[in-house]
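*Asks:* First the structure, then my questions, so here it is.
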Amino acid sequence: MQTANVNRLTPYLFLAPAVIVLAVALLYPIGYMIWASFLNWNPSQRIGEAEFVGLRNYMFLLQDGAFRESFFVTIRFAVIVVVLEMCLGVGLAFLLDRKLRGMTVLRTIFILPMMIAPIVVGLMWRYMYHPSVGIFNRTLKSLGLDPVPWLSNGDWAFASIVIADIWQWTPFIFILSLAALQSLPSSAMEAARIDGATGWRLIWHIKLPLMMPVLIVTALLRMIDAFKVLEVILVMTNGGPGLSTEILALRISRTASEFRELGTAAAMSNLLLLLLMLLTLAMFAYTKITEARAARLRARAEKDS
Amino acid sequence: MPEIVFDKVRKSFGAVEVLPPLDLELNDSEFTVLVGPSGCGKSTTLRILAGLETLSGGEIYFDGRPIGGLEPKERDIAMVFQDYALYPHMNIARNMSFALRLAGVSKSEIEEKVTRVAKLLNIDHLLDRKPAELSGGQRQRVAMGRAMVRDAGTFLFDEPLSNLDAKLRAKMRTELAEMRDTIDKNMVYVTHDQVEAMTLGDRIVVMSDGKIQQQGSPEELFKRPVNRFVAGFIGSPTMNFLDGELHTKDGSTWVQGDGYMLPVTGETGQRVSQVATSRNITLGLRPSSIDPDVTAGAPIELHIAVAEYLGAQSVLVTRCGQTEVLAEIASAHRFESGKVRTFGVATDELMIFDRDSGLRL
Ligand SMILES: Nc1ncnc2c1ncn2[C@@H]1O[C@H](COP(=O)(O)OP(=O)(O)OP(=O)(O)O)[C@@H](O)[C@H]1O
Ligand SMILES: [Mg+2]
């Protein structure tokens with residue numbers, strides 16, 4: 001009896017130190033943030049001196065037009081870049097999934113942007129978007145076309161940060177979809193060729209559906225990341241002109257450093273965190289559901305036979 | 001239902017030559033079985049025929065029309081894969097109808113065909129399930145069904161039964177044999193199971209190392225194998241091979257080796273009596289040619305090691321001199337292990353192979 005008990009508990013005993021360390025390391029900052037979001041706290045105070053204001057910071061955010069604006073900018077940004085990057089990345093994967101000489105080099109070049117530090121990417125694009133000496137406007141000029149207000153007009157600025165993000169993160173989708181594509185079961189593909197599916201129809205009816213689980217997880221990962229993007233936009237537009245590119249992360253950092261409202265910034269962070277957690281949960285739920293479904297089906301098939 | 005001709009078909013993977021120039025003719029409406037040991041190029045031959053592999057040389061003709069450069073879908077073939085290769089994201093009905101849908105066949109016709117074939121194969125209650133919801137045997141049927149709704153001119157099978165358990169395999173083998181007689185199509189069937197080959201094939205093509213050793217009806221291969229390889233491959237339990245010398249004297253012919261001396265009679269005896277005397281040969285002795293009744297033929301002394309009980313028949317594992325010899329005996333007879341006993345050999349069923357070339361004399 002006793003040994004059985006010990007045996008059952010032993011694994012947890014061994015896990016306990018790691019779990020405790022992880023829990024403290026993870027939960028302490030989050031707890032700190034939640035506590036801070038209930039305070040009216042400016043950076044010159046110690047946290048103990050700040051006034052407790054309950055949910056006032058959250059109430060304020062709900063009515064704050066600028067926050068709402070930046071919330072929508074963020075969602076619009078995340079959805080647009082993920083959709084475009086998925087299309088481009090998956091498309092590229094199909095294009096480059098062939099055994100040709102030089103493919104490895106080409107693929108390596110394609111994933112370079114992902115490896116550059118975001119600050120550098122931001123600087124690079126800011127120079128390229130420069131109204132007079134940037135490569136885009138110089139090219140337009142030499143073609144006899146009017147210059148474009150890349151970063152100085154609200155709509156153009158939003159488009160510009162979308163383009164920069166696509167440039168940097170399409171490679172991420174590309175390598176994951178290429179890996180998914182190359183690990184598809186070859187016999188199903190051969191059966192489809194015998195059945196008469198070639199080219200587009202093979203992609204549409206067989207390859208894409210089979211890649212779907214990987215693609216969905218990839219899109220969710222990218223979405224979570226897109227909600228947190230900061231440096232590139234900070235360097236390129238710093239949220240402007242107006243609030244046109246002020247994504248949440250930027251608004252949070254400005255609320256803390258410029259407006260010196262640590263409590264409000266913390267409340268915003270928590271709302272963002274909540275959103276991301278919902279997305280992550282959706283991702284886990286998706287994998288769980290597909291796994292559970294597969295397990296149920298297997299069980300049913302085995303019972304049958 | 002085309003007549004298919006392989007004309008000096010070659011296939012290499014990089015530096016490895018899998019098929020040396022291969023000539024093969026498949027007749028109209030015939031069930032041809034490609035059989036041979038693992039790695040001999042059976043699947044490669046089938047896949048080249050299907051258009052899944054490119055030719056390295058030579059040409060394939062369907063009714064005289066070269067098809068080597070055509071895509072699989074232009075060859076009017078259907079194929080059943082060893083691992084079934086069902087589409088995991090489609091339900092069974094959609095799996096079966098995929099080719100028809102691509103070909104733009106009308107909805108009502110698709111439904112009619114799928115239902116008919118599904119009934120035939122006893123899978124009509126599974127149509128809205130996904131492949132993952134089926135057992136191995138059911139998946140196998142779906143794979144068959146997917147090929148059958150196609151109404152193609154040629155059907156290709158690559159070891160379709162090898163993933164099934166023994167009982168199910170025997171059942172499907174029988175069903176396939178029935179189907180073979182009702183469907184009037186070219187069928188090419190790859191297997192390394194010689195029982196499958198014997199029961200299904202109108203014609204069997206025995207391959208080894210990419211080369212065709214012999215082709216013919218099951219009976220031809222069993223009774224008149226051209227060489228030692230074919231003789232050893234066809235028949236179960238496998239033929240016994242004993243080294244020996246062939247002697248002819250005064251019109252009688254006999255073989256003599258370590259622990260045995262047997263006269264060679266019948267057709268074989270007449271034929272080999274022409275060959276020079278004292279020649280080194282390999283004697284081929286079918287397990288079924290050995291009888292516990294000594295008077296049934298010429299006597300041979302065998303040292304009994306084990307009896308493997310198979311039901312009505314038992315396989316006796318024995319030794320003749322240093323060579324292992326299998327004998328197929330009715331189980332009614334009981335034998336004690338470790339004893340030496342005299343058996344009778346049907347001497348007109350003996351086969352004589354040249355020791356060096358392996359050719360049957
Ligand atoms: N894609 C490939 N690349 C390189 N070698 C290959 C390839 N496909 C097959 N081979 C080789 O060709 C030979 C014949 O293969 P094949 O699959 O035709 O054999 P098989 O007769 O079907 O054997 P089995 O009974 O095991 O299925 C083998 O030696 C195999 O290693
Ligand atoms: Mg094979």
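*Asks:* So for the range B:240-354, Kirkwood radius off the Cα pairs, Stokes-Einstein at 20 °C and 1.002 mPa s: how many µm² s⁻¹?
*Replies:* Details: Rh = 14.4 Å.
Answer from the Stokes-Einstein relation: 149 µm²/s.
*Asks:* Using only the alpha carbon atoms of the range B:142-236, find the Kirkwood hydrodynamic radius as the inverse mean reciprocal pair distance, in angstroms to one decimal. Don't skip to the end; give the middle numbers.
*Replies:* Details: mean 1/r = 0.0699 Å⁻¹.
Taking every pair of different Cα atoms in the range B:142-236, averaging 1/r and inverting gives 14.3 Å.
*Asks:* A further question follows. On alpha carbon coordinates alone, what is the Rg over Rh value for the range A:1-102, Rh being the Kirkwood radius? Display every interim value, and only then the final one.
*Replies:* Numbers: Rg = 25.1 Å, Rh = 19.9 Å.
Expressed as Rg/Rh, it is 1.26.
*Asks:* Let me know the volume per residue of the alpha-carbon convex hull for the range A:99-182, in Å³.
*Replies:* On the way: hull volume 10.9 nm³, N = 84.
Output value, Cα hull per residue: 130 Å³.
*Asks:* When 1/r is averaged over all different Cα pairs and the result inverted, which Kirkwood radius in Å belongs to the range B:294-361?
*Replies:* On the way: mean 1/r = 0.0755 Å⁻¹.
With all distinct Cα pairs of the range B:294-361 included, I get 13.2 Å.
*Asks:* Based on alpha-carbon positions alone, could you give the equivalent ellipsoid semi-axes of the range B:4-233 from the gyration tensor, as √(5λ), descending, whole Å?
*Replies:* 30, 21, 16
*Asks:* Also, quick follow-up: Could you quote the convex hull projected area for the range B:1-94, Cα atoms only and averaged over all directions, in nm²?
*Replies:* Projected over every direction and averaged, the Cα hull of the range B:1-94 covers 7.5 nm².
*Asks:* With 10 angstrom as the radius, rank B:Met239, B:Met261 by how many other C-beta atoms surround their C-beta, starting from the fewest. Please report the intermediate quantities before stating the final value.
*Replies:* Values: B:Met239 24, B:Met261 14.
Ordered by Cβ neighbours within 10 Å, fewest first: B:Met261, B:Met239.
*Asks:* Mind checking which of A:Thr287, A:Thr255, A:Thr139 has the largest fluctuation in a GNM of chain A, springs on alpha carbons under 10 Å?
*Replies:* In the Gaussian network model the winner is A:Thr139.
*Asks:* Let me ask something else about it. Which part of the range B:176-214 falls in the paramagnetic zone of B:Asp63, meaning amide N under 15 Å from the point 7 Å along Cα-to-beta-carbon?
*Replies:* B:185-186
*Asks:* As a footprinting exposure proxy, order A:Trp169, B:Trp254, A:Trp204 by other Cβ within 10 Å, with the fewest listed first.
*Replies:* Working: A:Trp169 24, B:Trp254 18, A:Trp204 11.
With the fewest neighbours first, A:Trp169, B:Trp254, A:Trp204 line up as A:Trp204, B:Trp254, A:Trp169.
*Asks:* Further question on the same structure: Please list the equivalent ellipsoid semi-axes of the range A:64-304, computed as the square roots of five times the alpha-carbon gyration tensor eigenvalues, in descending order and whole angstrom. Intermediate values should be presented prior to the final figure.
*Replies:* Details: eigenvalues 290, 146, 35 Å².
Rounded to whole Å, the semi-axes are 38, 27, 13.
*Asks:* Going by the alpha-carbon gyration tensor, a ≥ b ≥ c the square roots of its eigenvalues, is the range A:209-293 rounded (a/c under 1.5) or, if a/c is not under 1.5, prolate (a/b greater than b/c) versus oblate? Before the final figure, lay out the partial values.
*Replies:* On the way: a/c = 4.75, a/b = 2.03, b/c = 2.35.
It comes out oblate by the Cα gyration axes.
*Asks:* Moving on. Can you compute the modelled spin-label distance between B:Arg334 and A:Gln45, with each label point 7 Å from Cα toward Cβ, in nm?
*Replies:* Once both label points are built, they end up 10.2 nm from each other.
*Asks:* How many nm separate the modelled label positions at A:Ile75 and A:Phe259, each set 7 Å beyond the Cα in the direction of the Cβ?
*Replies:* 1.9 nm
*Asks:* Taking the beta-carbon count within 10 Å as an exposure proxy, list A:Glu231, B:Glu196, B:Glu267 from fewest neighbours to most.
*Replies:* Working: A:Glu231 16, B:Glu196 25, B:Glu267 11.
Ordered by Cβ neighbours within 10 Å, fewest first: B:Glu267, A:Glu231, B:Glu196.
*Asks:* OK, next. Evaluate Rg over Rh across the range A:140-185, taking Cα atoms for both radii and Kirkwood's formula for Rh. Present the calculation step by step, with values, prior to reporting the outcome.
*Replies:* Values: Rg = 17.1 Å, Rh = 13.2 Å.
Computed over Cα atoms, the ratio is 1.29.
*Asks:* Something else: Quick one: if the Förster radius is 56 Å, what FRET efficiency do B:Gln313 and A:Arg101 give, using the C-beta to C-beta distance and rounding to 0.05?
*Replies:* On the way: r = 60 Å, r/R0 = 1.07.
Working from the Cβ atoms, E equals 0.40.
*Asks:* With unit charges on the beta carbons (Lys and Arg positive, Asp and Glu negative) and the dipole taken about the Cα centre of chain B, which residue among B:Ser289, B:Ser135, B:Gln313 sits farthest to the positive side?
*Replies:* The Cα lying farthest towards the positive end belongs to B:Ser135.
*Asks:* May I have the convex hull volume per residue, in Å³, for the Cα set of the protein assembly as shown? Write down the numbers at each step before the final one.
*Replies:* Working: hull volume 186.1 nm³, N = 666.
Hull volume normalised by residue count: 279 Å³.
*Asks:* Can you run the Rg to Rh ratio on the range B:29-81? Use alpha carbon positions and the Kirkwood inverse-distance Rh. Don't jump to the answer; show the numbers that get you there.
*Replies:* Working: Rg = 11.6 Å, Rh = 12.2 Å.
With Rh from the inverse mean 1/r over Cα pairs, Rg/Rh is 0.95.
*Asks:* Tell me, what is the percent relative contact order of chain A, built from C-alpha pairs under 8 Å that lie six or more residues apart?
*Replies:* Numbers: 299 pairs, mean separation 84.4, N = 305.
Relative contact order, chain A: 28 percent.
*Asks:* Can you tell me, using C-alpha contacts under 8 Å and at least 6 residues apart, the relative contact order of chain B as a whole percent?
*Replies:* Values: 753 pairs, mean separation 55.7, N = 361.
Over chain B, the number comes to 15 percent.
*Asks:* Using unit Cβ charges (K, R positive; D, E negative) and no other charged atoms, how large, in debye to the nearest 20, is the dipole of the protein assembly as shown about its Cα centre?
*Replies:* Details: 67 positive and 69 negative charges, 431 e Å.
Value, rounded to 20: 2060 debye.
No value in this document is a laboratory result; all are computed from the given coordinates. Computed from a predicted model, the values in this text were never measured in an experiment. Virtual Cβ from ideal backbone geometry, glycine too; neighbours counted across all protein chains shown.
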